[in-house]
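**Q** Have a look at this one.
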Amino acid sequence: MTASPLRRLGLLALAVLLAAAPPLHAQDYDFTVPDVTDTYALENARVVQAPGDVLESATVVVRDGLIEAVGPDVEVPYDARRIAADSLTVYAGFIDGLSHAGVEMPDDEGDNGEEIDPGDPPFDAAGIQPDRSVRSFLTPDASGLEGLRKAGFTAGHVVPEGQMLPGSGALALYGGTSASDMVLTSDATLFGQLETADGYVYPATEMAVIAKLRQLVREAERRQELETAYERDPTGQRRPPQDPVHSALFPVLDGDTPLAFYADGALPIHRVLDLRQELDVPLVLAGLAESHATVDALQNTDAHLFLTLDLPEAPTRSAEGDTTIADTTDSPSRYYRPEARTPTHASVPDEEENLELRHAMERQDYLETAATLHEAGLRFGFTTREADAGDVRDNLRTMIDEGLPESVALAALTTRPASVLGLNTRLGTVEEGKIANLVVTDGSYFAEDTKVQHVFVDGQLYDYSGDGSGSGEISGDVSKVLGTWSYTLETPQGDRSGTLTFEGDQSGLEGTITNSQGTESELESISFDGTTLSFTVSPEQGPSLSVTVTVEADAFEGSVSTPGPSLTITGERTSAPNAMRK
Amino acid sequence: MMLIPMLSSDSVSPRALGLWGLLLLFGAGLLLPHAAQAQNTPGAQGPYALTNAQILVTPSDTVANGTVVIRDDSIAAVGPNVSVPSDAEAIDVAGQTIYPGFIDSGTHLGLQEVGSLSETQDFNEIGDLTSHMNALTAVNPNTVHVPTTRVHGITAVITEPETGMLPGTAALIGLHGYTPEQMHLGGVTLTKLDFPSIGRQGPSDDRSPETIKKESEEALDKLNEVWDAAERYAAIDSAVAVQPEARRQPTHLPAMESLVPVIRGEQPILISANAASDISEALDWAEERGVLDQVILGGALEGWRVADEIAAAGVPVLVGSIMQPPTRESDRYDKAYRTPALLHDAGVPVALRSGKTENVRNLVFHAGFAASHGLGKTDALRAITTTPAQIFDVEDHVGTIEAGKRANLFVANGDPLQPDTDVQHLFIDGYKLPLDNRQTRLYDEFLNRNPGLEK
C-alpha cells in the first residue's frame, strides 16, 4: 500500500524535473525591438473619417501621437514607417462608454480587527468611497485591456470597482506604457451603482442603498452650504469639519461632474432614473440590457446612455439529435405555445422544447434592444463592462442584423461617446489634429470575416496583422478527421486519455479537446494536409502544446511537443461525421 | 605572503576580511597576477637590423639569407643585399627565420582575465539587443594573457563580444599598447551577428520537429524585425542628413545607430554560424538583406558540408576552433581538423580562429593541425597571416614582411607551427618586446625552488 504513493511521488518528481529542465537552445529571442519612429503613414487606405464620411483612397499620417494629415494627396513624411493600406479600412478608434478596462483594484485587505457597527458602518465598509479616484488603480498592463484594444477600443470612460460609490471615473486611453500615459481626464465622473455593501452591514438591500445615496446627497448639500457660509465670513464661526467623502460629491451637486450609474435590469434603470429626478444631478447611465422595456422612461430623461455590448447566449438544447430549435429560433414567437401544459411525463420533451422557444423569444428582445432604442429616437454609445472582448464584434453584428443601422452602430462607437464624454475635439473622427487613435481593419469592421490588423492608441502602433495564425491550413479532405476521437497520451505519470472533436468544412476546422478531468479547451491552428493533422492547445496554465499526428483510416498516432520531452499520442475515431450531422 | 598568517589566524573572521580579503583569497588560489608581475622592462623602438636571417617574406616567398631593417614602427628594408644603417642596433639572427606576426581571427583576449570569475569577464553583456557594445572599449591592455600569447609569435587578434543575437562589435587589436586605442589595428571593427540556430542542436535536443520549426521561425522573424527597424533608422538618418535643419533625428536608439554602418555597406558583418543549415540560412539571409558582400563567416565548423555554397557566395571564413571532435558522431574523427582544408579546396578564403582567451598562443598548433590535415604548411601560414590581413582589409599594413608595412614580426629558431620551436625576438609596431611572461616566471621560479621541498 505504501509503495504506490511513493512511486507516484517519484514519478511526480521526475515530471517536475523534466518540466524544469533548462531550455537547450541558449538564446532567447523573446524581446521587444524598439520603435525607431513614431511617425506612420497608412497609404491608400479607405478612410472612414466619421460615420457616412468616407474617403475611398487616402493616406493617413500619424506623427507625435496625433493625426498629422488625412487625404488623398498627402505627402508621406521622410521619417514615416509606411504601411501599405490599399486593402485596409481606417476607422477612428472606438470609445468605450463605461468599463473597468485598465483598472486593477488592490486586494481587499480584509477587516483590520476593528469592531464595526453593522447598522452604522464606516464609509469604506459600506462601499461609499467617492473620494477614491480610478487614476490610482490604472495600469496599462491590466488584464482585459489588450483584448478590448484588439477589438478596436482605444479610449474609454473607466471607473473603479466596488459597491455603491466606488470612486471617480476617468477618461483614459487604452494603451501606453504607464498610468500617466493613459489618463485624458481624471475625475470625469462619479461612479455609482445600486450595489449593496459587502458582508453583513448597512446598506444590505437596494432600498437602503437608495436611502443612503439620498442621505449622502442631502448631507453634502448641507455641508456645502456651511462651507460657503464659512468662506464668506469665517470670523466667529466654528471651522467646518474636513470630510473627503461629502466633499467628493460637491462637483456632482454643482452639476460639473455627472454621476455615472451602471444598471442593466429594467427595475434598476427605473430606480436610477427616479433618483436622478429627485436629486437633480447630471447622469450617465450605462448597462441598459433590459432597456427595451424602459423606452418611455428613457425618452423622458436627458441622461447620457451607454448600451451594454453583452448579449444573452443562444439557448442550447440539452438533449441530442433534435434540430427543431434551429428551424424555429428565427421566429420563436410563431412556434411558442403559451397555453402548453405538461399533463404526463410523456410530454416533458414537448415542454422542454416550448421553454426553449420561450427563452429564444425573450432573448430576441435583447438582440433587438439597440434597434429599439434607435427607433425610439434615443442616442446611445456602448459599454463593454459586462461584455467579453472577443464577443464584441459578433454582438454588434447581431444588433445590426436585428435592425440597428450600421452607421448608427459606428457613431455609437466613435462620435457619440466622444461628444457625450467631452472628447469630440480630441477623439471620435479621423481628422487632422486629433489624437491618433485608429482602428485599421481588412474590411468593414462589422463584416464577419474582417480582422483588425492594426490599432493605434495615442500614435502608438499595436500590430495584430501577424495574429492570423489562429487558423491553420486545410488542404486535405476534412471528412477524414471530422467527428469525435478518443486519445491516449503517454506521459511519465502514466497514460492520460480524453476526447477530441473536430467540426467544420474545407474552409476551416474547429475543434475541442476534453481531458480526463472533463476540462474542455479549444484547439488552435488546426492544419490538415490529408495525412498529417496538427494543432495547438493552450491550457489556462502553462505553455501551449503543439500536437502533430498522422491520420490513417480511423486512427492516428503522433507526438505532442512540450517544453520537456515529446510525448506520444494515439487515438481512434469514435464517431464519424455521418453519425453526427446530416 | 601576508595572506597565509592572516587567514590562519582565528581572530580574523571571514566577514572582517571583507571583499578585499576575498579577492586576495581568490587571487592567491588562482595565482592571479599582481602589478609586480607585469612585464619588467617596457619594449623599445629601434632602429634595429636583423641580419643573416632566413626571411619568410610571405608564406610562399622566402629569402634564404637577408636583413630586415626596422625603423620607427615600420619595416624600412628587406632583402639579401640590405646594409645595416649606422644608427641601427644590429641583431645577428643567423640560422633563424623571421616570420610575419600571426593573426588570430577570433578570441576574447583582453576581455577576460580569470574564466571562473564572472567579475573579470567583460565579453558577456546583459540585455537582448546590445549591438552598440564595442569590445574594444572593454579590452584590458595589461591583461596577463597578452604576453603569454606573444611568445608564439601572435601579434594581432580579433577580440569579440558574446551573448545575444547582436552582441556588439569585434575589433582587431595589436598585442602591444597601454590603451585600447593604441592597440586598435587599422580601425578594424566588425559588427557581430550570432545567427539564430535553426534545426536540432545535437542529440540531447529533444524538442519536437514542430517546436524546432516554430522556434527557428520566431528567431528569424525577430532578426528580421530588428533589421527592418535598423534599415528604417538608417533611412530616417539619411533623410535628416539631406535637410538637417528642417528635419529631426530619429529617436536616439544606440543599438539601431550602431547597425547603420552595416546597413550602409560601410562595415563588415561577422556572422557566426556553425551548423551547415545555419550557414546556408545565414547566407540566404545576407543576400536578401543586401549585405552579402560585407559578410565574414565565423565558426563554420560544418562549413565543409556547404563549402560550394560559401565559395559561390564569395564569403571569407574564420574557421574554428578546429581543435575539437567533429560536430556529428557519424563524422570522421578528424573532420574538424580538416575543415580549413576542405573549405580552402572549394575556393573559400580561410583564416583560423582559436576562439580562446588564455590559450590563444595555441593558434600555431591549430595551424599545424590544419597544415597536416590537408591544408599544407603554406596555406596554413596564410590562414594566420596574409588571408586574415586581406579579409580585414589591412593587407597594406600587416601580414607580410615587406618594406613599408608595420614592423609586426618575430624571429624563431625553427618552424613556428612545431611545439619545440622557440620565438627568440618579437616586434610589434617596431617595439622589440620582452618575451618573458607569467608562465616563464612561474617556470623559472618553480624549476629552481629555494629552499627546495625537503623537510
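The values are calculated or read from the model by the stated rules, or taken from the named source; none is laboratory data. Given the structure is predicted, the values throughout are model-derived calculations rather than measurements. Note: ideal-geometry Cβ built from the backbone for every residue, glycine included; neighbour counts use all protein chains shown. SASA here: full protein model, heavy atoms, side chains in, ligands and nucleic acids out. Shrake-Rupley method; radii C 1.70, N 1.55, O 1.52, S 1.80 Å.
**Q** Using a simple spin-label model with points 7 Å from Cα along the Cα→Cβ vector, what separation in nm is obtained for A:GLU375 and B:GLN182?
**A** 9.2 nm
**Q** Follow-up question, since we're still on this one. Quick one: net charge of B:HIS366's neighbours, Cβ under 12 Å, K/R +1, D/E -1?
**A** +2
**Q** Any idea how far apart A:GLN215 and A:THR570 come out in nm if each label point goes 7 Å out from Cα toward Cβ?
**A** Taking the two extended label points, one gets 7.2 nm.
**Q** Full extension from B:THR62 to B:ILE126: what is 0.36 nm times the residue separation minus their Cα-Cα distance, to one decimal in nm? Write down the numbers at each step before the final one.
**A** Values: separation 64, 0.36 × 64 = 23.04 nm, distance 4.83 nm.
Once the chain is fully extended between B:THR62 and B:ILE126, it gains 18.2 nm.
**Q** Once the Cα atoms of helix A:266-279 and of chain A are each reduced to a long axis, what angle between those two axes, in degrees from 0 to 90 to the nearest 10, is obtained?
**A** 20 degrees
**Q** Between A:ASP401 and A:LEU226, take the C-beta separation as r, use R0 = 41 Å, and let me know the FRET efficiency to the nearest 0.05.
**A** Values: r = 56 Å, r/R0 = 1.37.
Step by step, r from the Cβ atoms, then E = 0.15.
**Q** Sticking with this one: Picking from A:ALA69, A:GLY459, B:SER330, whose Cα lies most toward the positive end of the charge dipole for the protein assembly as shown (charges on Cβ: Lys, Arg +1; Asp, Glu -1)?
**A** Towards the positive end, the residue furthest out is B:SER330.
**Q** If you don't mind, another one. How far is it, in nm, from the label point at B:ASP393 to the one at B:ASP331 when both lie 7 Å from their Cα along the line to the Cβ?
**A** The answer from the label model is 3.1 nm.
**Q** Right, something else. Let's see if you can work this out: charge +1 on each Lys and Arg Cβ, -1 on each Asp and Glu Cβ, no other charges. What is the dipole magnitude of the protein assembly as shown about its Cα centre, in debye to the nearest 20?
**A** It comes to approximately 3460 debye.
**Q** Counting Lys and Arg as +1 and Asp and Glu as -1, each charge on the Cβ, what is the dipole of chain A about the Cα centre in debye, to the nearest 20?
**A** Numbers: 39 positive and 96 negative charges, 44 e Å.
It comes to approximately 200 debye.
**Q** While we're here: Against the longest alpha carbon principal axis of chain A, how many degrees, from 0 to 90 and to the nearest 10, is the axis of helix A:348-367 turned?
**A** Roughly 50 degrees between the two axes.
**Q** Let me ask something else about it. What would the Debye formula give as log10 I(q)/I(0) at q = 0.10 Å⁻¹ for the alpha-carbon point model of the protein assembly as shown, no solvent?
**A** Here log10 of I(q) over I(0) equals -1.28.
**Q** Then there is this: Summing -39500 (n - 2.57) over the DSSP H runs of n ≥ 4 in the protein assembly as shown and dividing by its residue number, what mean residue ellipticity at 222 nm do you reach, to the nearest 500 deg cm²/dmol? Working shown, then result.
**A** Details: 31 runs with 285 residues, N = 1037.
Roughly -8000 deg cm²/dmol at 222 nm, from the helical runs in the protein assembly as shown.
**Q** Continuing with this model, one more query. How big, on average over all directions, is the shadow cast by the Cα convex hull of the stretch B:336-428, in nm²? Could you put the intermediate results ahead of the total?
**A** Numbers: hull surface 25.7 nm².
Taking the Cα atoms of the stretch B:336-428, their convex hull projects to 6.4 nm² on average.
**Q** Whole-Å semi-axes of the stretch A:223-289's equivalent ellipsoid, largest first, each the root of 5 times a Cα gyration tensor eigenvalue? Provide the component values of the computation, followed by the final result.
**A** On the way: eigenvalues 226, 20, 17 Å².
That gives 34, 10, 9 Å for the three semi-axes.
**Q** Calculate how large, on average over all directions, the projected area of the Cα convex hull of the stretch B:285-372 is; give the answer in nm² to one decimal. Don't jump to the answer; show the numbers that get you there.
**A** Values: hull surface 24.6 nm².
Its Cα hull, projected and averaged over all orientations, spans 6.1 nm².
**Q** Mind checking which lysines have their Cα closer than 26 Å to the Cα of A:LYS434? Skip sequence neighbours fewer than 8 apart in that chain.
**A** Cross-link targets: A:LYS150, A:LYS451.
**Q** Just in the stretch B:364-448: which trypsin sites (Lys or Arg not before Pro) are loop by DSSP and have at most 14 other Cβ atoms within 10 Å? Numbers along the way, then the final one.
**A** Working: sites: B:LYS377, B:ARG382, B:LYS405, B:ARG406, B:LYS432, B:ARG438, B:ARG441; in loops: B:LYS405.
Listed in order of number, the matching sites amount to none.
**Q** Quick check for you: with a 1.4 Å probe and neighbouring chains kept, what is the accessible area per residue of the stretch B:122-199, in Å²?
**A** Working: 2240 Å² over 78 residues.
With all protein chains present, the stretch B:122-199 gives 29 Å² per residue.
**Q** How shielded is A:74-85 by partner chains, expressed as the average number of their Cβ atoms within 10 Å of its Cβ atoms?
**A** On the way: counts 0, 0, 0, 3, 10, 12, 4, 5, 1, 0, 0, 0.
Taking the mean over all residues of the peptide, I get 3.
**Q** Another question, if that's okay. Checking the cross-link filter: which lysines have an alpha carbon closer than 23 Å to that of B:LYS213, excluding same-chain neighbours under 8 positions apart?
**A** Qualifying lysines at Cα under 23 Å: B:LYS222.
**Q** Could you tell me which helices of chain B pass both thresholds, a Cα extent of 20 Å or more along their own axis and a mean Kyte-Doolittle hydropathy of at least -1.0, with helices taken as whole DSSP H runs?
**A** Values: long enough: B:209-242 (49 Å, -0.46).
Taking the DSSP H segments of chain B (at least 20 Å long, mean hydropathy at least -1.0), we get B:209-242.
**Q** Stretched out fully, how many nm does the piece from A:ASP124 to A:LEU66 gain, at 0.36 nm a residue minus the Cα gap?
**A** Details: separation 58, 0.36 × 58 = 20.88 nm, distance 4.07 nm.
Difference between extended and current length: 16.8 nm.
**Q** Counting only C-alpha contacts under 8 Å and six or more residues apart, can you give the relative contact order of chain A as a whole percent? Could the numbers behind the result be given before it?
**A** Numbers: 1189 pairs, mean separation 78.4, N = 582.
Relative contact order of chain A: 13 percent.
**Q** Determine the percent antiparallel among the DSSP beta bridges restricted to chain B, to the nearest 5.
**A** Details: 35 of 64 bridges.
So the antiparallel bridges in chain B amount to around 55 percent.
**Q** The stretch B:97-131 to the stretch B:307-322: how many Å between their Cα centroids?
**A** Taking the Cα centre of the stretch B:307-322 as reference, the centre of the stretch B:97-131 is 23 Å away.
**Q** In Å and from the alpha-carbon atoms only, list the Rg and Dmax of chain B.
**A** For chain B, the Cα-based Rg and Dmax read 24.2, 85 Å.
**Q** If you don't mind, another one. Using the charge dipole of the stretch B:102-398 (Lys, Arg: +1 at Cβ; Asp, Glu: -1 at Cβ; taken about the Cα centre), state which of B:ALA230, B:SER118, B:TYR178 has its Cα farthest towards the positive end.
**A** B:TYR178
**Q** Write out the GluC sites (Glu not before Pro) in the stretch B:230-283 meeting two conditions: DSSP loop, and at most 16 other Cβ atoms within 10 Å of their Cβ. Each step should come with its number before you reach the end.
**A** Numbers: sites: B:GLU231, B:GLU245, B:GLU257, B:GLU266, B:GLU281; in loops: B:GLU245, B:GLU266.
Loop-located and lightly packed - B:GLU245, B:GLU266.
**Q** Another one. What FRET efficiency would be calculated for the residue pair A:SER525, A:ALA340, taking the C-beta separation as r and a Förster radius of 35 Å, to the nearest 0.05?
**A** Numbers: r = 46 Å, r/R0 = 1.32.
Given R0 = 35 Å and the Cβ-Cβ separation, E is 0.15.
**Q** Towards the positive end of the charge dipole of the protein assembly as shown, with charges on Cβ (+1 Lys, Arg; -1 Asp, Glu), say which of A:ALA172, B:SER83, B:ALA312 has the farthest Cα.
**A** Selected residue: B:SER83.
**Q** So, one more: Rounding to the nearest 20 debye, state how big the charge dipole of chain B is about its Cα centre with +1 on each Lys and Arg Cβ and -1 on each Asp and Glu Cβ.
**A** On the way: 31 positive and 58 negative charges, 193 e Å.
For this selection, approximately 920 debye.
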